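Peer 1: Here it is, the structure, as structure tokens.
The values are calculated or read from the model by the stated rules, or taken from the named source; none is laboratory data. Remember, predicted model here, so these are calculated numbers, not experimental data. Cβ placement follows ideal geometry from the backbone for every residue including glycine, while neighbour counts extend to all protein chains displayed. We work out accessible area using only protein heavy atoms, side chains counted, and drop any ligands, DNA or RNA first. Shrake-Rupley method; radii C 1.70, N 1.55, O 1.52, S 1.80 Å.
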Amino acid sequence: MFYRGKYVDSSDAREMGLKRQRVMDQSSSYFGGPPGSSYMYSPPPLPTAPAYSYLGQPPPFPVVRLRGLPFDCTDADIADFFHGLDIIDVLFVHKGGKFTGEAYAVLGYPLQVDFALQRNRQNIGRRYVEVFRSRKDEYYKAIANEVSDARGGSPRRAVPRARSFDEVKDLAEHTGFLRLRGLPFSASKEDIIDFFKDFVLSEEKISITATSDGRPTGEAYVEFASPEDSRAAMSRDRMTLGSRYIELFASSCEELDEAIARGGLLPKSADGKDLTVPTGVLRMRGLPFSAGKDDVMEFFKDLVLSEDSIHITNNFEGRPTGEAFVEFANPEDAKAALAKDRMTLGSRYIELFPSSLEELNESASRGR
């Protein structure tokens, strides 16, 4: 446990976990394993008064939402994923009797939410898991939905969870569109065409999505000639592109439009090609606070860097933010460096993002 302090809402979280356990025991055995296997913690004795305060405001309910979980994930996997944090409750989310790959985790103290968010995009097995802030009302609503679903029977008994992932994909309706997840940030349309080399595709039918500030999301949408082709292309699910394995999902034109509305597509260069690395600058996220420029140079040891080209950012108090900007000799080196995305520096895995001198300067002006 990273912090030992008494928060008003921590007892609320523990009480909610116990209440949910009682509700489960009164309805369906679907919410827990065999007797004695429940992962619900017995609440420890309440600690002494805190040194930390929320300036008169009630602390937030300590819950996070996880997405992208393996379909055979267990409570123990979640506990291991959040090793060192107090897990009060784990709620797996189902829809129509099938596991959705999402879950809610209630933590012991509000401060632990920030530590939990640092696990974002770390792996459980071969799957990287996304971690988001959540709210008490979202968690309560998920509980209500699970109780309602459980009264109709036990999906875990009716459909073995280890098989549900393939069943969901096999039964999905195909409209000719597939969504790809897990792409390297340096991936181009040519790479995707090569990934589906057994199918006839053109660059116009491939949409690589971007965030609101123009960075690649690691996802793309592909329109095939027919629904039959998109179903057949699912045989490439979990195959590798470069060093990354790619997940495929049945999609639609409407889902593509929603993704574009949320962020957009990657910008185009003058010759019409995807501009995944417009400059020779990359942003690093997830650095250990103790990391120095020499550590960054060692991380990129296959590329030529100087200390002057590395900019480790600090907040307005002068403390490291866990981010840095690196200027490479040219855009080609920066693109090659993206192969190090999500590799580890010390005990931390590092995320890499295409960036620019403008973003670097803006970050410096904000005191970061």
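Peer 1: For labels at residue 339 and residue 211 in the simple 7 Å Cα→Cβ model, what's the distance in nm?
Peer 2: Using points 7 Å along Cα→Cβ, the separation is 2.4 nm.
Peer 1: Along Cα→Cβ, 7 Å out, is where each label goes; now give me the distance between the ones at residue 130 and residue 95 in nm to one decimal.
Peer 2: Reported label-point gap for residue 130 and residue 95 is 1.3 nm.
Peer 1: For region 177-259, calculate the relative contact order in percent as a whole number, restricting contacts to Cα pairs under 8 Å that are 6 or more residues apart. Working shown, then result.
Peer 2: On the way: 124 pairs, mean separation 35.2, N = 83.
Worked out over region 177-259, it gives 42 percent.
Peer 1: Quote the FRET efficiency, to the nearest 0.05, computed for residue 226 versus residue 140 with a Förster distance R0 of 51 Å and r equal to the Cβ-Cβ distance.
Peer 2: With a Förster radius of 51 Å, E is 0.70.
Peer 1: By per-residue mean of other Cβ atoms within 10 Å, what is the highest-first order of 177-189, 287-299?
Peer 2: So the order, starting with the most tightly packed, is 177-189, 287-299.
Peer 1: In what sequence, largest accessible area first, do 321, 209 appear using a 1.4 Å probe?
Peer 2: The ranking, largest first, comes out as 321, 209.
Peer 1: In Å³ and rounded to a whole number, note down the convex hull volume per residue for the Cα atoms of region 294-357.
Peer 2: 97
Peer 1: How many angstrom lie between the Cα centre of region 188-212 and the Cα centre of region 320-368?
Peer 2: 26
Peer 1: Quote the FRET efficiency, to the nearest 0.05, computed for residue 200 versus residue 290 with a Förster distance R0 of 56 Å and r equal to the Cβ-Cβ distance.
Peer 2: For residue 200 and residue 290, the calculated efficiency is 0.60.
Peer 1: Excluding ligands and nucleic acids, what accessible area in Å² is computed for residue 360 using a 1.4 Å probe, to the nearest 10?
Peer 2: 20
Peer 1: Largest first, what is the accessible-area ranking of 236, 283 with a 1.4 Å probe? Mind dumping the intermediate values first?
Peer 2: On the way: 236 65, 283 20 Å².
Descending accessible area places them as 236, 283.
Peer 1: Report residue 104's accessible area, 1.4 Å probe, all protein chains in place, as a number in Å² to the nearest 10.
Peer 2: Probe radius 1.4 Å; accessible area of residue 104 about 20 Å².
Peer 1: Here is a further query. Can you compute the FRET efficiency between residue 234 and residue 80 using 1/(1 + (r/R0)^6), with r the Cβ-Cβ distance and R0 = 22 Å? Round to the nearest 0.05.
Peer 2: After rounding to 0.05, the efficiency reads 0.15.
Peer 1: Given a cut-off of under 8 Å on Cα pairs at least six residues apart, what relative contact order in percent is computed for region 296-364?
Peer 2: The value is 24 percent.
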